[in-house]
Amino acid sequence: MTSQTARTTLTSNHIATSSFVGVEKAAAATAARVAIDVSGVAKRFGNHQALDDVSIRFQPGQLTALLGPSGSGKTTLLRTIAGIEAPDRGRILFGDEDVTWKQIRLREVGFVFQSYALFEHLSVFDNVAFGLSVKKVAKSVISARVKELLERVELAHLAHRMPRELSGGQRQRVALARALAPSPRVLLLDEPFGALDARVRRDLRTWLRKLHDEIHVTSILVTHDQEEAFATADSVVVMHDGKIEQVGTPRDIVERPATAFVKSFVDPRS
Ligand SMILES: Nc1ncnc2c1ncn2[C@@H]1O[C@H](COP(=O)(O)OP(=O)(O)OP(=O)(O)O)[C@@H](O)[C@H]1O
Ligand SMILES: [Mg+2]
């Protein structure tokens with residue numbers, strides 16, 4: 001038994017359907033570690049080249065930050081990976097599978113937006129259950145999975161609240177639990193903490209890092225805040241003007257900036 005499986009089984013012991021959920025989670029943990037390969041992707045809006053021949057590999061099981069100034073193409077790249085935008089050229093692979101033309105709902109991606117896109121008329125519990133309800137998963141399985149996720153995001157005690165009764169930080173944790181509920185292959189976060197105040201933001205990024213260490217789903221965190229990128233991610237991708245400027249560890253980016261742009265972006269005094 002791998003340590004991952006052992007941990008999964010242990011944490012599910014208190015759940016009625018533990019063996020089923022344990023098996024499903026162990027399978028998801030393995031399946032979730034796919035690389036995302038973007039190759040030669042271009043996207044134009046009118047006469048603006050939002051993505052200009054972008055090729056990059058997001059490593060399986062890693063949390064990668066996509067860092068760059070406003071308008072550099074971060075959201076466009078994320079939306080193209082999710083299938084919300086179609087590229088003009090290029091390919092996107094999840095593991096060995098070419099998903100370039102696969103419908104968004106079949107791609108198995110979890111997406112968290114900056115704005116709190118919760119269903120306002122549904123409780124916290126029902127928001128998190130949503131993705132599984134539409135898949136017609138058995139009620140007992142949904143209930144176990146939602147409880148497990150709400151415990152993970154430390155909101156089990158607020159399961160019956162409505163979104164309007166939550167703080168901004170709590171809402172984003174519900175959004176994250178909702179994105180994770182259907183065991184996505186890929187987790188995409190577009191400035192998820194952008195609208196929160198500095199202290200909550202810092203708490204949440206520490207918490208996201210901890211959560212990622214437990215679940216290891218291949219994740220991309222879009223941010224224009226370099227401190228957030230460096231503090232949270234295994235690896236950082238710097239974008240500028242629709243192009244990738246550098247890929248490296250936070251340390252590489254700071255100590256060995258590959259281009260004049262990266263140098264001035266990480267240290268505006270230089
Ligand atoms: N649907 C659209 N129609 C026209 N132009 C668009 C569209 N979406 C994005 N753009 C343009 O493409 C460029 C890249 O936008 P994108 O949203 O990817 O930037 P970003 O790096 O996410 O910026 P921010 O940090 O401000 O969110 C911008 O110049 C933007 O105006
Ligand atoms: Mg954006």
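K263: which lysines have alpha carbons under 20 Å from its alpha carbon, excluding same-chain residues fewer than 8 sequence positions away?
Correct list for K263: K74, K243.
Using 10 Å bins from zero, what percent of all Cα-Cα pairs in segment 147-221 falls into each bin?
17, 56, 26, 0
Using the beta-carbon distance between R89 and A35 and R0 = 22 Å, what value does 1/(1 + (r/R0)^6) give for FRET efficiency, to the nearest 0.05?
That gives a FRET efficiency of 0.60.
Which residue, chosen from A156, I215, Q226, occupies the Cα position most advanced towards the positive end of the dipole of segment 129-261, where the dipole is computed from +1 (Lys, Arg) and -1 (Asp, Glu) charges on Cβ about the Cα centre?
The listed residue farthest towards the positive side: A156.
Considering the dipole of the chain built from charges on the beta carbon (Lys and Arg +1, Asp and Glu -1) around the Cα centre, which of A179, G242, L63 is farthest to its positive end?
Positive-most Cα among the choices belongs to A179.
Taking the Cα centre of the chain as origin, work out the dipole magnitude from +1 charges on Lys and Arg Cβ and -1 charges on Asp and Glu Cβ, in debye rounded to 20.
560
For the chain, taking Cα atoms only, what is the radius of gyration to one decimal and the Dmax to the nearest whole Å?
18.7, 59
Please determine, in degrees from 0 to 90 and to the nearest 10, the orientation of helix 139-152 with respect to the longest principal axis defined by the Cα atoms of the chain, where the helix direction is its Cα long axis.
Taking Cα atoms only, the helix is inclined about 60 degrees.
Using the crude model of +1 on Lys and Arg Cβ and -1 on Asp and Glu Cβ, and no other charge, please compute the dipole size for segment 109-192 relative to its Cα centre, in debye to 20.
That gives segment 109-192 a dipole magnitude of about 320 debye.
At a 10 angstrom cut-off on C-beta neighbours, averaged per residue, how do the peptides 104-112, 153-161 rank from highest to lowest?
104-112, 153-161
Looking only at Cα atoms, what is the convex hull volume of segment 103-146 per residue, in Å³?
94
What is the angle, in °, between the Cα long axis of helix 124-133 and the longest principal axis of the Cα atoms in the chain? Nearest 10 is fine, range 0 to 90.
With both axes taken from Cα atoms, the answer is about 80 degrees.
Mind pulling up the Rg/Rh value for segment 136-179? Radius of gyration and Kirkwood radius, both on Cα.
Rg divided by Rh gives 0.98.
Could you point to the residue in G110, T80, S143 farthest towards the positive end of segment 72-146's charge dipole, with +1 and -1 charges on the Cβ of Lys/Arg and Asp/Glu respectively?
Of the candidates, S143 comes out farthest on the positive side.
Looking at segment 131-270, what % of the alpha carbon pairs are farther apart than 24 Å?
Value for segment 131-270: 40 percent of Cα pairs lie more than 24 Å apart.
Would you kindly compute the Cα radius of gyration of segment 76-121 and its largest Cα-Cα separation (Dmax), both in Å?
12.2, 39
Between 0 and 90 degrees, rounded to the nearest ten: what's the tilt of helix 198-215 against the longest Cα principal axis of the chain?
That works out to roughly 70 degrees.
How large is the helix-only mean residue ellipticity at 222 nm for the chain, computed as the sum of -39500 (n - 2.57) over DSSP H runs with n ≥ 4, divided by its residue count, in deg cm²/dmol to the nearest 500?
Counting only the DSSP helices, I get -12000 deg cm²/dmol.
Output the Cα-based Rg and Dmax of segment 36-192 in Å, rounding Rg to one decimal and Dmax to a whole number.
16.9, 52
Read-outs throughout are calculated quantities, based only on the coordinates presented, and are distinct from any laboratory measurement. Nothing here was measured: the structure is a model prediction, and the numbers come from that model. Backbone-built Cβ (ideal geometry, glycine too); neighbour counts: all protein chains shown.
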